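Taking it in order: structure first as structure tokens, then the write-up.
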Amino acid sequence: MRDVMIGAFEVTALNDGVVFYETSRVLPTATSDQIRHGLHESGLSDPFPMCYNAFLIDTGEMLVLIDTGSGGKLDDQPEYHGAGHLMANLRAAGYEPEQVDEVYITHRGPDHIGGLTIGHERAFPNAIVCAPKSEFDPFLDPGKAAELLAEVHHDEEYRAWIQFIVDLFEPYIRAGNFRSIDSDVRLAPGIRALATHGHTPGHTSYVVQSQGQTLIIMGDLVLMSALQFANPSLGSSFDVDAEAAAEQRLRVFRMAAENDYWVAGSHLPFPAIGHIRAERDRFFWVPAD
Ligand SMILES: [Zn+2]
């Protein structure tokens, strides 16, 4: 874990795991020149290590967790194998899951929501879970979910995926601890949602502000920092709408660089908190310390 003060708020990066990826699998439109240059500049080789991170905000009044890691689920799949360390790292940072007051979800990636439950129980038994409406409502409204499941009855993989999502949120909904949130809504004193749709239909970032300092937790706007700061238009194979995702990436990069905001990202190299600098015609990632 690693923490940074944003005004009076303490923000702790919690690593959930590291998974190795071929660059061309993550950024299929990157040229071999871009890949060679990006890896060289960052001292990486292919396949490169992608960190999976979540962030804990201690406002002094409440504890807010942004995303939950994979929970060790889907460990038989290469994308999630070896993840699931968030809970251990939360405890190592001196917190218990019972202390978490609110959980805000950036999007539907299993490495972001898998940690919501342990078995069929809530992993954060006292927390209210907030998730973007446009991302989850089609799955979490029982009527709509049934309709969707019937529509894709022939596609077992897709059905399993819908069921995976439903099972993660169901214990919170049953307990009355789930809120579906609108875009750009204020959630807690000093924390608001910022719609950055594209990577997924309802992908949402969170803006944290205290005593004149600002942090944007930008979720999956960057999958590979070694190439996407220099080339923000490079889309990822994991983007649902790569063009919209690229627009949001550029928007947040500019916002952060112009205003000297802190930035955190789910897949930036741990501790995944730092600043974005704009120089000449490109951006640079400047990690904290
Ligand atoms: Zn992700």
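What follows draws every value from the coordinates through simple rules; no lab data is involved. All values reported here derive from a predicted model rather than from experimental measurement. Note: ideal-geometry Cβ built from the backbone for every residue, glycine included; neighbour counts use all protein chains shown.
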Going residue by residue through region 272-283, the Karplus relation 6.51 cos²θ - 1.76 cosθ + 1.60 with θ = phi - 60° gives ³J(HN,Hα) values, rounded to whole Hz and with x marking Gly or Pro, of 6, 10, x, 10, 10, 10, 9, 9, 6, 10, 9, 10
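What FRET efficiency comes out for the pair GLU147/ARG25, r = Cβ-Cβ distance, R0 = 41 Å, nearest 0.05?
On the way: r = 33 Å, r/R0 = 0.81.
Calculated value: 0.75.
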In nm, the gap between the two label points placed 7 Å beyond Cα toward Cβ at ASP46 and ALA175 is 4.5 nm
Once phi for every residue in region 218-228 is put through the Karplus expression 6.51 cos²θ - 1.76 cosθ + 1.60 (θ = phi - 60°), the whole-Hz ³J(HN,Hα) values, with Gly and Pro written as x, are 9, x, 9, 5, 10, 9, 9, 5, 4, 10, 7
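Under the rule of -39500 (n - 2.57) per DSSP H run of 4 or more residues, summed and divided by the residues of the chain, what mean residue ellipticity at 222 nm is obtained, to the nearest 500 deg cm²/dmol? Before the final figure, lay out each step's value.
On the way: 9 runs with 85 residues, N = 289.
Rounded to the nearest 500, it is -8500 deg cm²/dmol.
Please state the shape class of region 119-254: rounded when a/c is under 1.5, otherwise prolate if a/b exceeds b/c and oblate if not, all from the C-alpha gyration tensor.
Working: a/c = 2.33, a/b = 1.28, b/c = 1.82.
The shape class here is oblate.
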Under 19 Å by backbone N from the virtual spin label 7 Å along Cα-to-Cβ at ALA88, the residues of region 246-284 are 270-271
Which of ASN53, ASN259, ASN231 fluctuates most in a GNM of the chain (C-alpha springs under 10 Å)? That residue is ASN259
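Defining a contact as two alpha carbons under 8 Å apart and six or more residues distant in sequence, what relative contact order in percent does the chain show?
18 percent
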Amide H contacts under 5 Å for ILE118, restricted to residues at least 5 apart in sequence or on another chain and with H modeled in the peptide plane, are ALA123
